[in-house]
Amino acid sequence: MNYLAHACLSFENAAVLTGNMISDFVKGRQQYDYPKQISAGIQLHRAIDDFTDNHDATRNLKEYFRPAYRLYAGAFADVTYDYFLANDRHQFASDDALMDFSQHSYKQLEEYSDWFGPKFGVMFPYMKQHNWLYNYQFDWGIQNSFEGVRRRSAYIKETAIAFEIFVHHKSSMRACYDNFFPDVKIFAADKLEQLLK
């Protein structure tokens, strides 16, 4: 899952949200060097990623990207999920609701900025300034996010093909999202309850 999904699956808990956002930048046992709820967010992020990778819908979604991008198919699938989540009116009833959620998430994160670490600390101002969480709803937002995947990878030379795949197969990809998101939401809620005990 990508940033919007991890924010949504933090269930309005600012400390958990912080852990969820910084998790990819926290190595190994460092996850236990944080306050309990931030640590829970880090562990939740990793559990969500494992659940996502092993879900049949995600396997199906990856197949659209795999011929052109092989091991990076999962990264493009993660971004694609955020597009459908941003446009899911069961999760965000309107554009205003998505905007409110995005702005509220940035404010929650700012409360815990001391825990960002250097990498997320550098990235967060760009996330907020360009309103990544809100702009996932647009095709151009996904195109920009695909470029972000390229910049962070060692072997991807272009993302134009990925974007063409996304646009061409959007309706079929939506079915993957519809089959997946209710399951991951239930899983994440149960997992977070266990982690916070």
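Which residue is farthest from the chain's Cα centre (by Cα), if the candidates are limited to region 96-110 and must be surrounded by fewer than 16 Cβ atoms within 10 Å (Cβ to Cβ) and under 22 Å from Gly148 (Cβ atoms)?
Going residue by residue through region 96-110, those that are surrounded by fewer than 16 Cβ atoms within 10 Å (Cβ to Cβ) are 96-97, 99-100, 103-104, 107, 110.
Now restrict to residues that are under 22 Å from Gly148 (Cβ atoms): 99, 103, 110.
Values: Met99: 16, Gln103: 16, Glu110: 18 Å.
Residue satisfying both the conditions and the ranking: Glu110.
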Can you find, within region 187-197, the residue that is nearest to Leu9 (Cα to Cα) among those that are touching a Phe, Trp or Tyr at 6+ places or on another chain (Cβ under 7 Å) and surrounded by fewer than 19 Cβ atoms within 10 Å (Cβ to Cβ)? Ala189
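Within region 76-85, identify whether any single residue is β-branched (Val, Ile, Thr), crowded, with 17+ Cβ neighbours inside 10 Å and over 19 Å from Ile22 (Cβ atoms), and answer yes or no.
Step one: of region 76-85, the residues β-branched (Val, Ile, Thr) are 79-80.
This time we only want the ones that are crowded, with 17+ Cβ neighbours inside 10 Å, so: 79-80.
Okay, now just the ones that are also over 19 Å from Ile22 (Cβ atoms), so 80.
Checking region 76-85: at least one residue is β-branched (Val, Ile, Thr), crowded, with 17+ Cβ neighbours inside 10 Å and over 19 Å from Ile22 (Cβ atoms).
Could you look through region 25-58, keep only residues that are in a helix (DSSP H, G or I) and aliphatic (A, V, I, L, M), and pick out the one that is farthest from Ala7 (Cα to Cα)? First the steps, then the outcome.
Kept after step one, since they are in a helix (DSSP H, G or I), are these residues of region 25-58: 25, 28-33, 36-53, 56-58.
Then keep just the ones that are aliphatic (A, V, I, L, M); that gives 38, 40, 42, 44, 47-48, 57.
Values: Ile38: 13, Ala40: 14, Ile42: 12, Leu44: 11, Ala47: 14, Ile48: 12, Ala57: 21 Å.
Filtering first and then ranking leaves Ala57.
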With (1) touching a helix residue (DSSP H, G or I) at 6+ places or on another chain (Cβ under 7 Å); (2) modelled with pLDDT of 95 or more as the list, and Val149 as the residue in question, which single condition is left unmet? (2)
For region 129-176 the number of residues that are surrounded by 15 or more Cβ atoms within 10 Å (Cβ to Cβ), small (Gly, Ala, Ser) and under 20 Å from Ala57 (Cβ atoms) is 2
Please indicate, with yes or no, whether at least one residue in region 132-144 is closer than 26 Å to His90 by Cα, at pLDDT 95 or above, among the hydroxyl-bearing types (Ser, Thr, Tyr) and out of contact with any Phe, Trp or Tyr (no Cβ under 6 Å at 6 or more places or on another chain). yes
Val184: of a type in the set (Val, Ile, Thr), surrounded by 18 or more Cβ atoms within 10 Å (Cβ to Cβ) and closer than 30 Å to Pro35 by Cα, yes or no? yes
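Checking the condition within 17 Å of the chain's Cα centre (by Cα), in contact (Cβ under 8 Å) with a residue 40 or more places away in the chain and either over 29 Å from Val167 (Cα atoms) or not in a helix (DSSP H, G or I) (or both), which residue from Leu61, Leu85, Leu17, Leu4 passes? Outline the logic, then answer.
Numbers: Leu61 fails: either over 29 Å from Val167 (Cα atoms) or not in a helix (DSSP H, G or I) (or both); Leu85 fails: either over 29 Å from Val167 (Cα atoms) or not in a helix (DSSP H, G or I) (or both); Leu4 fails: either over 29 Å from Val167 (Cα atoms) or not in a helix (DSSP H, G or I) (or both).
Result: Leu17 is the single residue among Leu61, Leu85, Leu17, Leu4 that is within 17 Å of the chain's Cα centre (by Cα), in contact (Cβ under 8 Å) with a residue 40 or more places away in the chain and either over 29 Å from Val167 (Cα atoms) or not in a helix (DSSP H, G or I) (or both).
Quick grid of which residues meet (1) under 25 Å from Arg151 (Cα atoms); (2) out of contact with any helix residue (DSSP H, G or I) (no Cβ under 8 Å at 6 or more places or on another chain); (3) of a type outside the set (Val, Ile, Thr); (4) crowded, with 21+ Cβ neighbours inside 10 Å:
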{"residue": "Asn13", "(1), (2), (3), (4)": "no, no, yes, no"}
{"residue": "Leu44", "(1), (2), (3), (4)": "no, no, yes, yes"}
{"residue": "Glu63", "(1), (2), (3), (4)": "yes, no, yes, no"}
{"residue": "Tyr69", "(1), (2), (3), (4)": "yes, no, yes, yes"}
{"residue": "Ser94", "(1), (2), (3), (4)": "no, yes, yes, no"}
Which residue pairs have Cβ atoms closer than 9 Å, lie 6 or more positions apart in sequence or on different chains, and pair a first residue in region 120-140 that is more than 15 Å from Leu98 (Cα to Cα) with a second residue that is part of a helix (DSSP H, G or I) and acidic (Asp, Glu)? Phe120/Asp24; Phe124/Glu110
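The values are calculated or read from the model by the stated rules, or taken from the named source; none is laboratory data. Remember, predicted model here, so these are calculated numbers, not experimental data. All Cβ positions, even for glycine, are placed from backbone atoms using ideal geometry, and neighbour counts span all protein chains on display.
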